[in-house]
Amino acid sequence: MTIAVFPGSFDPLTNGHLDLITRASKIFDQLIVAVGQNTSKRGVFTTDERVAFIEKTTQHLANVSVRVETGLTVSFMQDIHATVLVRGIRNSVDFEYEQGIAGMNRTLDPNVDTVCLMANPQYQFVSSSLLKEVARFGGNLTNLVPPIVADALVTRLEGEQ
């Protein structure tokens, strides 16, 4: 049985993330979405809120579960016996960034393979910073994030400047 991990801060969870989760769930026996904290960014949602958003929007995917990750992803993977790390690639900048991380992870644990999935073209431009900016000014997030995330983002950020 192949256990894969899709790590990220998911702050906020986007339709691009959901597309990758759905696609990866078809490839691997078990997919664990690992919710971590990006220490270089100020978060909008708590870890519990992010976990709840992912659980709610992936409940139809029987082989997907959500866990909180607090340390190195490779250590987390060793603890749960996962061997594949799933990452999404939107552009060449993402590729170069992910290439470096994949090399480091492989050095830390030679049993970890990184599989990169190309982002669906309709989501290639989506980033958390752009979404937050749109939400702050009341823009339409309908096709970019799940409805529960859109409502929460607007509530949390609208009018904040």
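FYI, it's all coordinate maths here, none of it is from the lab. Since we're looking at a predicted model, the values are computed, not measured. All Cβ positions, even for glycine, are placed from backbone atoms using ideal geometry, and neighbour counts span all protein chains on display.
Brief remarks follow.
- The simple spin-label model puts a point 7 Å past each Cα toward its Cβ; for residue 117 and residue 143 those points are separated by 2.1 nm.
- Per-residue Cβ neighbour rank within 10 angstrom, fewest leading, 69, 133: 133, 69
- Charge dipole (the stretch 86-144, unit charges on Cβ, about Cα centre) - positive-most of 142, 123, 89: 142
- Measuring r between the beta carbons of residue 109 and residue 154 and using R0 = 41 Å, the FRET efficiency lands at 0.50.
- Residues 137, 6, arranged from fewest to most other Cβ atoms within 10 angstrom of their Cβ, appear as 137, 6.
- Along the chain, longest interval not containing exposed trypsin sites (Lys or Arg not before Pro), exposed being DSSP loop plus at most 15 other Cβ atoms within 10 Å: 43-161
- Only DSSP H runs of four or more residues enter the estimate; each adds -39500 (n - 2.57), and after division by the residues of the chain the mean residue ellipticity at 222 nm equals -13500 deg cm²/dmol.
- Here the label points at residue 22 and residue 72, each 7 Å from Cα along the C-beta direction, are separated by 3.5 nm in the simple model.
- Scalar couplings 3J(HN,Hα) for the stretch 26-37, obtained by applying the Karplus form with A = 6.51, B = -1.76, C = 1.60 to θ = phi - 60°, are 7, 9, 10, 5, 9, 10, 10, 8, 9, 8, x, 10 Hz; x denotes Gly and Pro.
- Note on the chain: GNM, Cα springs under 10 Å; of 127, 65, 92, the largest mean-square fluctuation is that of 92.
- Computed from point charges on the beta carbon alone (+1 for Lys and Arg, -1 for Asp and Glu), the dipole magnitude for the chain about its Cα centre is near 140 Debye.
- Helix 47-58 axis, angle to the chain major axis (alpha carbon atoms, nearest 10°): 80
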